[in-house]
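Trainee: Okay, handing you the structure first.
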Amino acid sequence: MRSILYLTCSPRGAEAYSRSAADALIAALRGRHAGLEVRHRDLAVHPPPLVDAAFSAAILAADNAAPALSASEALIQELEAADALVIATPMHNFGVPAVLKAWVDQIVRIHRSFRSTPEGKIGVLADRPVFVVVASGGWFTGPSPIGTPAQPDFLTPYLRTILATIGLRDVRFVVLEGVARDVDAVARAFGQARVRIEAVLDGV
Ligand SMILES: Cc1cc2nc3c(=O)[nH]c(=O)nc-3n(C[C@H](O)[C@H](O)[C@H](O)COP(=O)(O)O)c2cc1C
């Protein structure tokens, strides 16, 4: 592995728990791959453009050279150039934050990153590891430690499905839950994340 694309999505910048844990994952990757090049894109600071009428017209016309698709093309090429993708994201309202959805809408593009066939949508990109570090204020993989029922989770199934649509099937999640609760919950979440980071980097 020579290069990774690192997407950060939290509005909380360097304070973000998702970013802090993803930084640890990247440090561990650097330890395994000397000279690893990290391209960092902070989606919260530089949100991708939202889909507009010109974008919609261009993709329906399969006009891949249209100016309305230039940002999309640049983001797809940036992803294609990376040997692995790291996404650090909070859970917002049971799903991905708007800036991450905006990135998805730019890179998941018919006639470019996937093809529509009678068998369904077929991804065009070469597969590569994707590490997704998720921080959530509460719990969604199961009940909270005091038994509050698990929240709905539209984030992890969504990312798994949409990334597979463009050909990225090797998606590994590191989850920090309960980080809005108290300092003990944060410490517990980071302790579990450290163990999980070692597990997801196995063989990488
Ligand atoms: C707009 C907004 C929506 C949120 N929605 C959820 C949610 O649905 N479930 C949850 O557990 N936490 C939710 N949170 C809390 C964040 O997930 C939590 O603060 C987490 O730390 C964010 O990760 P970060 O530190 O990387 O920004 C929300 C926070 C904000 C600002």
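The values are calculated or read from the model by the stated rules, or taken from the named source; none is laboratory data. Since this is a predicted model, take the numbers as computed values, not measurements. Note: ideal-geometry Cβ built from the backbone for every residue, glycine included; neighbour counts use all protein chains shown. The area values use the complete protein model at the heavy-atom level, side chains included, leaving out ligands, DNA and RNA. Shrake-Rupley method; radii C 1.70, N 1.55, O 1.52, S 1.80 Å.
Trainee: For the range 23-43 and the range 173-204, what is the separation of their Cα centres, given in Å?
Mentor: Cα centroid of the range 23-43 versus Cα centroid of the range 173-204: 18 Å apart.
Trainee: Give me the percent relative contact order of the chain, please, defined on Cα pairs under 8 angstrom at least 6 residues apart.
Mentor: On the way: 350 pairs, mean separation 45.1, N = 204.
Relative contact order of the chain: 22 percent.
Trainee: Treating the angle as unsigned and between 0 and 90°, give the value, to the nearest 10°, between the Cα long axis of helix 17-32 and the longest Cα principal axis of the chain.
Mentor: Computed tilt is about 80 degrees.
Trainee: Which whole-number value in Å² is the accessible area per residue of the range 1-124, probe 1.4 Å?
Mentor: Details: 6070 Å² over 124 residues.
Per residue, the range 1-124 has an accessible area of 49 Å².
Trainee: Sticking with this structure for a sec: For the chain, what is the mean residue ellipticity at 222 nm derived from helices alone (per DSSP H run of n ≥ 4: -39500 (n - 2.57); sum divided by total residues; nearest 500 deg cm²/dmol)? Walk me through the numbers before you get to the answer.
Mentor: On the way: 6 runs with 74 residues, N = 204.
Result for the chain, helices only: -11500 deg cm²/dmol.
Trainee: Does the chain come out rounded, prolate or oblate, given a ≥ b ≥ c as the square roots of the eigenvalues of its C-alpha gyration tensor, rounded meaning a/c under 1.5 and, failing that, prolate meaning a/b above b/c? Can you show the working numbers first?
Mentor: Values: a/c = 1.90, a/b = 1.53, b/c = 1.24.
Because a/c hits 1.5 or more and a/b exceeds b/c, the chain counts as prolate.
Trainee: Subtract the Cα-Cα distance of Glu198 and Asp52 from 0.36 nm times their separation in residues, and report this length gain in nm to one decimal. Mind showing how you got there, number by number?
Mentor: Details: separation 146, 0.36 × 146 = 52.56 nm, distance 4.12 nm.
So the extension gain works out to 48.4 nm.
Trainee: Moving to a separate point now. Could you order peptides 177-186, 51-60 by the average number of other Cβ atoms within 10 Å of their residues, highest first?
Mentor: Details: 177-186: 16.2, 51-60: 13.4.
Sorting 177-186, 51-60 by mean packing, highest first, produces 177-186, 51-60.
Trainee: Between beta-carbons, use under 14 Å as the cut-off and find the net charge around Ser18, counting Lys and Arg +1, Asp and Glu -1. Don't skip to the end; give the middle numbers.
Mentor: Values: positive: Arg12, Arg19, Arg196; negative: Glu15, Asp23, Asp42, Glu177.
For residues surrounding Ser18, the net value is -1.
Trainee: Tally Lys/Arg at +1 and Asp/Glu at -1 over every other residue whose Cβ is under 15 Å from the Cβ of Ser56; what's the total?
Mentor: Values: positive: Arg109, Arg112; negative: Asp52, Asp63, Asp105.
Overall, the nearby charge balance is -1.
Trainee: Quick check: at a probe of 1.4 Å, how many percent of the accessible area of the chain sits on carbon and sulfur atoms? Don't jump to the answer; show the numbers that get you there.
Mentor: Details: 5460 of 9900 Å².
Whole-percent figure for carbon plus sulfur exposure: 55.
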